[in-house]
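Asker: The structure under discussion is supplied below as structure tokens; questions concerning it will follow.
The values are calculated or read from the model by the stated rules, or taken from the named source; none is laboratory data. Everything numeric in this text was worked out from a predicted model, so none of it was measured. Because the Cβ atoms are built from the backbone with ideal geometry, glycine has one as well, and the counts that use them run over all protein chains shown.
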Amino acid sequence: MFQLVQLEDVVRVPPSRFGEKLETVAYEILKGKYESTMSPELGFIIMVMDAAADPVGKIIPGDGAAFHKVTFSVLTFFPKIQEIVEGEIVEITDFGAFVRIGPTDALLHLSQITDDYLTSDVKQGLILASQSRRSLKVGSRVRVRITAVSLGRGAAMGKIGVTCRQPFLGALEWIQEDLARIKATETKAVEAKATQAKK
């Protein structure tokens, strides 16, 4: 789930930047500190949106820099268990596929794709179901449910597991096929009732 989060911090403005606009300096320092990091509380911090710095700072003896309290907002992505998301397959491996959701990749294990027997062809970037002949390949758009989330801290990569072994999950074209099949079945049932009513 993407969200905007308000945070507070104290930035150290070095003497070499004293002549510059305080908001600009604080914004640049916060970008370097927070963007492309991760925390268990916030998830993936994608970008710093803005920064409002207190014009009155503090000086610490022995350090020529000024320290200013800053309020700022960040755009985050926090994957939640049971959340349904759409993404794109970016890599096929022997054990499944990696799906790009938001700013990160999630593992879609072979056992979590379908009940059908699957074969994975890493060289061709393809996973093929033997009975239904449905396939996933690099670039396929999929709808998945998040089943496992383990987030680290800082720049460490987190681990996210996803599944598409539930109705109306999987490749978007699979979902369209299933919906068309259901609609056709419902239409036939309505026609059969109408025929019986005429008798």
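Here's the yes/no breakdown for (1) β-branched (Val, Ile, Thr); (2) in contact (Cβ under 8 Å) with a residue 24 or more places away in the chain:
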position	(1), (2)
Val11	yes, yes
Gly19	no, no
Ala26	no, yes
Ser39	no, yes
Val56	yes, no
His68	no, yes
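Asker: Here is a further query. Exactly one of these conditions fails for Thr71: (1) in contact with a strand residue (DSSP E or B) (Cβ under 8 Å, 6 or more places away or on another chain); (2) modelled with pLDDT under 95. Give me its number.
Answerer: (2)
Asker: Ok, one more. Hey, Asp94 hits all of (1) at pLDDT below 95; (2) assigned by TED's automatic domain parsing to the domain that holds Tyr117; (3) surrounded by 12 or more Cβ atoms within 10 Å (Cβ to Cβ) but one; which does it fall short on?
Answerer: (3) is the only condition that Asp94 fails.
Asker: While we're on this one: Here's a check for you: in the range 29-56, which residue that is in a strand (DSSP E or B) and under 17 Å from the mean Cα position of the chain (by Cα) is nearest to Val149 (Cα to Cα)? Before you say what the answer is, go through the steps one by one.
Answerer: To start, the set of residues in the range 29-56 that are in a strand (DSSP E or B) comprises 37-39, 43-53.
Checking which are under 17 Å from the mean Cα position of the chain (by Cα) leaves us with 37-39, 43-47.
Values: Thr37: 16, Met38: 13, Ser39: 12, Gly43: 10, Phe44: 12, Ile45: 16, Ile46: 18, Met47: 21 Å.
Applying the filter and picking the extreme gives Gly43.
Asker: Quick check on my filter: what residues within the range 11-46 are farther than 20 Å from Thr76 by Cα and either charged (D, E, K, R) or surrounded by fewer than 15 Cβ atoms within 10 Å (Cβ to Cβ) (or both)?
Answerer: First, pick out the residues of the range 11-46 that are farther than 20 Å from Thr76 by Cα: 11-25.
The answer is Arg12, Pro14, Pro15, Ser16, Arg17, Phe18, Gly19, Glu20, Lys21, Glu23, Thr24.
Asker: Evaluate the following for Gly161: is it at pLDDT 90 or above and touching a Ser or Thr at 6+ places or on another chain (Cβ under 6 Å)?
Answerer: Details: at pLDDT 90 or above: yes; touching a Ser or Thr at 6+ places or on another chain (Cβ under 6 Å): yes.
Yes; evaluated as a whole, the condition is true for this residue.
Asker: Could you list all residues from the range 108-156 that are loosely packed, with under 12 Cβ neighbours inside 10 Å and either under 30 Å from Phe78 (Cβ atoms) or of a type in the set (D, E, K, R) (or both)?
Answerer: Listed by number, the residues that qualify are Asp115, Lys123, Arg133, Gly139, Ser150, Arg153, Gly154, Ala155, Ala156.
Asker: Give the range 109-123 a look and list any residue that's over 12 Å from Cys164 (Cβ atoms), touching a residue at least 24 places away in the same chain (Cβ under 8 Å) and not in a strand (DSSP E or B), or say none.
Answerer: Correct list: Val122 only.
Asker: Residue under question is Gly62, and the condition is that it be assigned by TED's automatic domain parsing to the domain that holds Ser39 and assigned to a loop (DSSP other than H, G, I, E, B); does it hold?
Answerer: Values: assigned by TED's automatic domain parsing to the domain that holds Ser39: yes; assigned to a loop (DSSP other than H, G, I, E, B): yes.
For Gly62, the condition - assigned by TED's automatic domain parsing to the domain that holds Ser39 and assigned to a loop (DSSP other than H, G, I, E, B) - is met.
Asker: Please work out which residue is nearest to Met1 (Cα to Cα), limiting yourself to the range 136-189 and to residues that are without any contact (Cβ under 8 Å) to a residue 12 or more places away in the chain and among the small types (Gly, Ala, Ser).
Answerer: Out of the qualifying residues, it is Ser150.
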